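Visitor: I'd like to ask some things about the structure below.
The values are calculated or read from the model by the stated rules, or taken from the named source; none is laboratory data. All of these numbers come straight from a predicted model, not from anything done at the bench. Reconstructed Cβ throughout: ideal geometry from the backbone, glycine too, with neighbour counts over all protein chains shown. Just the protein is used for accessible areas: all its heavy atoms, side chains included, with ligands, DNA and RNA removed. Shrake-Rupley method; radii C 1.70, N 1.55, O 1.52, S 1.80 Å.
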Amino acid sequence: MDRLIINGGKQLKGTISVSGSKNATLPIAVAAAILADSSSVIHNVPNLNDIDSLCAVLEVLGATTKLENSTLYIEPGDRSAYEAPYDLVRKMRASIYVLGPLVARLGIAKVSFPGGCAIGPRPVDLHLKGLQQLGAEVEIDSGYIIARANRLVGAEMYLRGPHGSSVGATANVMMAATLADGTTTIRGAACEPEVADLANFLNAMGADIGGVGTSTLTIHGVKQLHGTEYTVIPDRIEAGTFMVAGAVTKGEVFVKGAPAEHLGATSEKLIEAGVQLDWADDGVRVRTPRDFQAVHIATDTYPGFPTDMQAQMMGLLSITPGISTITEGIYLDRFMHASELNRMGADIRVEGNHAVVRGKLRLSGAPVMASDLRAGAVLVLAGMAAAGETVVSRIYHIDRGYENIEQKLAGIGADIIRVSD
């Protein structure tokens, strides 16, 4: 099992590039493999474990995939397979994306309940509700979701759940609705850039989706979709992570490819905390000319502060003088990284979905363990800011969402290496 060994205290300086968005690529690849009648070429695809895992699922379903030089080639292939088995789906939650497209295309889907990061319950009830409103019959049998429909029919629905809109449910239902009879209106739809990117890709395939980027989507069903060539948006969470990396090391980092239009809430909190951001056409320069200031953060659905940046900001706040607070409004149990940061000398107290962070001047290196993707990212950030050596284990979580993270960070001055047991 691989580990990252980090010797902290090095200022990061230079240019670091942002890869394509993992969370946009995953549903786009599903749409290309299941819904299209011909091959697709998708550019700016990150080379990640999650992409490999999804491609394995798509190949079981009959598609042919090849990732080469950040370009993913997808040939839909066979149209008879409809089961996504447990041994593949358990590796990543995004496998649930095949459910809606399979029902729309084949009239039947059998998909194991998905796995993924252990960051609290993330039910699929909104996915099932949306498909049922399109006319699918859904049952649960021995850990599998089985959905059937002779033909999906457009409908009006409200998909917002108790903790806000659902990116996964919006994407799943939107993909299914592209081949349904009639018109589907999704109210309470997720507005995240990754959902908009999927909608733009579907439209490039011949779909008819209106309201892209808003909370109300209108999908007019079409008879068929064709393959296309498309470029995925940059990964806003990777960009935000690198912005925090520049800040916690008191360095000067240019994050090339950072999408300003998708980083509003993250940028606002970084500026409020005392970080200087100078935007250019092709990215952002991060500086720390003054002392950090305590801030208060509450995660929310887009365009609110992203839950996927909560851990990284906690790392910054752990070395920020004063008392900061974080309220997690999306995944209420997403604070497992706090105890690992405390092992490094942070002072973080968690009560329910609230965390109180009392900033320290410096953290100390320690052996720590990643519990999920973003928890792993903050431990790398904390290790670079800390005095001494930090060893981060269970980094397969990090590899799910960051492409060559140690190589990218070493390229701007981090003392970080990957070792295998």
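Visitor: Here are some residues: Lys256, Lys250. Which one is at pLDDT 95 or above, open to solvent by 70 Å² or more (accessible area, probe 1.4 Å) and over 22 Å from the mean Cα position of the chain (by Cα)?
Guide: Exactly one of Lys256, Lys250 is at pLDDT 95 or above, open to solvent by 70 Å² or more (accessible area, probe 1.4 Å) and over 22 Å from the mean Cα position of the chain (by Cα), namely Lys250.
Visitor: Is it true that some residue in segment 203-212 is at pLDDT 95 or above, more than 19 Å from Val30 (Cα to Cα) and over 20 Å from the mean Cα position of the chain (by Cα)?
Guide: Checking segment 203-212: at least one residue is at pLDDT 95 or above, more than 19 Å from Val30 (Cα to Cα) and over 20 Å from the mean Cα position of the chain (by Cα).
Visitor: Now, a different point. Could you look through segment 331-342, keep only residues that are open to solvent by less than 30 Å² (accessible area, probe 1.4 Å) and of a type outside the set (Gly, Ala, Ser), and pick out the one that is nearest to Ala386 (Cα to Cα)?
Guide: This residue is Leu341.
Visitor: Something else: Which residue pairs have Cβ atoms closer than 6 Å, lie 6 or more positions apart in sequence or on different chains, and pair a first residue in segment 17-44 that is under 12 Å from Ala204 (Cβ atoms) and touching a residue at least 40 places away in the same chain (Cβ under 8 Å) with a second residue that is assigned to a helix (DSSP H, G or I) and of a type in the set (Phe, Trp, Tyr)?
Guide: Ile28/Phe201
Visitor: Tally time: how many residues in segment 137-151 are under 28 Å from the mean Cα position of the chain (by Cα), of a type in the set (A, V, I, L, M, F, W, C) and either in a loop (DSSP other than H, G, I, E, B) or crowded, with 21+ Cβ neighbours inside 10 Å (or both)?
Guide: Summing the residues that are under 28 Å from the mean Cα position of the chain (by Cα), of a type in the set (A, V, I, L, M, F, W, C) and either in a loop (DSSP other than H, G, I, E, B) or crowded, with 21+ Cβ neighbours inside 10 Å (or both) in segment 137-151 gives 2.
Visitor: If you don't mind, another one. Is it the case, given these coordinates, that Leu277 is of a type outside the set (Gly, Ala, Ser) and open to solvent by 10 Å² or more (accessible area, probe 1.4 Å)?
Guide: Yes, satisfied.
Visitor: How many residues does segment 385-400 contain that are in contact with a Ser or Thr (Cβ under 9 Å, 6 or more places away or on another chain) and either without any contact (Cβ under 8 Å) to a residue 24 or more places away in the chain or open to solvent by less than 10 Å² (accessible area, probe 1.4 Å) (or both)? Walk me through how you get there before you give the answer.
Guide: If we filter segment 385-400 for residues that are in contact with a Ser or Thr (Cβ under 9 Å, 6 or more places away or on another chain), which is where we start, we get 385-388, 390, 394, 397, 400.
Then drop every residue that is not either without any contact (Cβ under 8 Å) to a residue 24 or more places away in the chain or open to solvent by less than 10 Å² (accessible area, probe 1.4 Å) (or both), which leaves 386, 390.
Of the residues in segment 385-400, 2 are in contact with a Ser or Thr (Cβ under 9 Å, 6 or more places away or on another chain) and either without any contact (Cβ under 8 Å) to a residue 24 or more places away in the chain or open to solvent by less than 10 Å² (accessible area, probe 1.4 Å) (or both).
Visitor: Yes or no: segment 158-174 includes at least one residue that is in contact (Cβ under 8 Å) with a residue 60 or more places away in the chain and open to solvent by 60 Å² or more (accessible area, probe 1.4 Å).
Guide: Looking through segment 158-174, at least one residue is in contact (Cβ under 8 Å) with a residue 60 or more places away in the chain and open to solvent by 60 Å² or more (accessible area, probe 1.4 Å).
Visitor: Let me ask something additional. Residue check: is Val41 open to solvent by 10 Å² or more (accessible area, probe 1.4 Å) and at pLDDT 95 or above?
Guide: Details: open to solvent by 10 Å² or more (accessible area, probe 1.4 Å): yes; at pLDDT 95 or above: yes.
Answer is yes for this residue.
Visitor: Here is a further query. Being touching a residue at least 40 places away in the same chain (Cβ under 8 Å), under 27 Å from Pro162 (Cα atoms) and open to solvent by 10 Å² or more (accessible area, probe 1.4 Å) is the filter here, so list the residues in segment 194-231 that pass it.
Guide: Answer for segment 194-231, where residues must be touching a residue at least 40 places away in the same chain (Cβ under 8 Å), under 27 Å from Pro162 (Cα atoms) and open to solvent by 10 Å² or more (accessible area, probe 1.4 Å): Glu194, Ser215.
Visitor: Looking at segment 55-69, I want the residues that are in contact (Cβ under 8 Å) with a residue 12 or more places away in the chain and have a partner that is open to solvent by 70 Å² or more (accessible area, probe 1.4 Å) and among the polar types (S, T, N, Q) with Cβ atoms under 7 Å, at least 6 apart or on another chain. Which pairs are those?
Guide: Gly62/Ser80; Leu67/Asn47
Visitor: Follow-up. Of Arg334, Arg349, which residue is in a strand (DSSP E or B) and charged (D, E, K, R)? Show your work before the answer.
Guide: Details: Arg334 fails: in a strand (DSSP E or B).
After ruling out the rest, the residue left standing is Arg349.
Visitor: Next question, about the same structure. I'd like the full set of residues that are in contact (Cβ under 8 Å) with a residue 40 or more places away in the chain and among the β-branched types (Val, Ile, Thr), limited to segment 276-306. Working first, answer last.
Guide: Keep residues of segment 276-306 that are in contact (Cβ under 8 Å) with a residue 40 or more places away in the chain, which gives 283-284, 286-288, 292, 294, 300-303, 305-306.
Within segment 276-306, Val284, Val286, Thr288, Thr301 qualify.
Visitor: Test Gly329 against the criterion of being small (Gly, Ala, Ser) and over 23 Å from Arg236 (Cβ atoms), and give yes or no.
Guide: Values: small (Gly, Ala, Ser): yes; over 23 Å from Arg236 (Cβ atoms): no.
Answer is no for this residue.
Let's see how each residue does on (1) within 25 Å of Asp52 (Cα to Cα); (2) in a helix (DSSP H, G or I):
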{"site": "Asn342", "(1), (2)": "no, yes"}
{"site": "Val368", "(1), (2)": "no, no"}
{"site": "Arg374", "(1), (2)": "yes, yes"}
{"site": "Gly383", "(1), (2)": "no, yes"}
{"site": "Glu406", "(1), (2)": "yes, yes"}
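Visitor: Another question, if that's okay. Which of the residues belonging to segment 282-301 are open to solvent by 50 Å² or more (accessible area, probe 1.4 Å) and within 24 Å of the chain's Cα centre (by Cα)?
Guide: As a first pass, look at segment 282-301 and keep what is open to solvent by 50 Å² or more (accessible area, probe 1.4 Å): 282, 285, 287, 289-291, 293, 296, 298, 300.
Residues satisfying the conditions are Asp282, Arg285, His296, Ala298, Asp300.
Matching residues to (1) crowded, with 17+ Cβ neighbours inside 10 Å; (2) outside any strand (DSSP E or B):
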site: Leu54; (1), (2): yes, yes
site: Val57; (1), (2): yes, yes
site: Gly62; (1), (2): no, yes
site: Lys66; (1), (2): no, no
site: Leu72; (1), (2): yes, no
site: Arg79; (1), (2): no, yes
site: Leu88; (1), (2): yes, yes
site: Lys91; (1), (2): yes, yes
site: Ile96; (1), (2): yes, yes
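Visitor: In segment 316-330, how many are open to solvent by 10 Å² or more (accessible area, probe 1.4 Å) and either closer than 16 Å to Ala370 by Cα or of a type in the set (Ser, Thr, Tyr) (or both)? Show your work before the answer.
Guide: Narrowing segment 316-330 to residues open to solvent by 10 Å² or more (accessible area, probe 1.4 Å): 319, 321-323, 325, 327, 329-330.
Those left that are additionally either closer than 16 Å to Ala370 by Cα or of a type in the set (Ser, Thr, Tyr) (or both): 325, 327.
Going through segment 316-330 one residue at a time, the tally reaches 2.
Visitor: Specify the residue that is nearest to Gln11 (Cα to Cα); the eligible residues are those in segment 361-384 that are within 16 Å of the chain's Cα centre (by Cα), crowded, with 24+ Cβ neighbours inside 10 Å and of a type in the set (Gly, Ala, Ser).
Guide: Ala377
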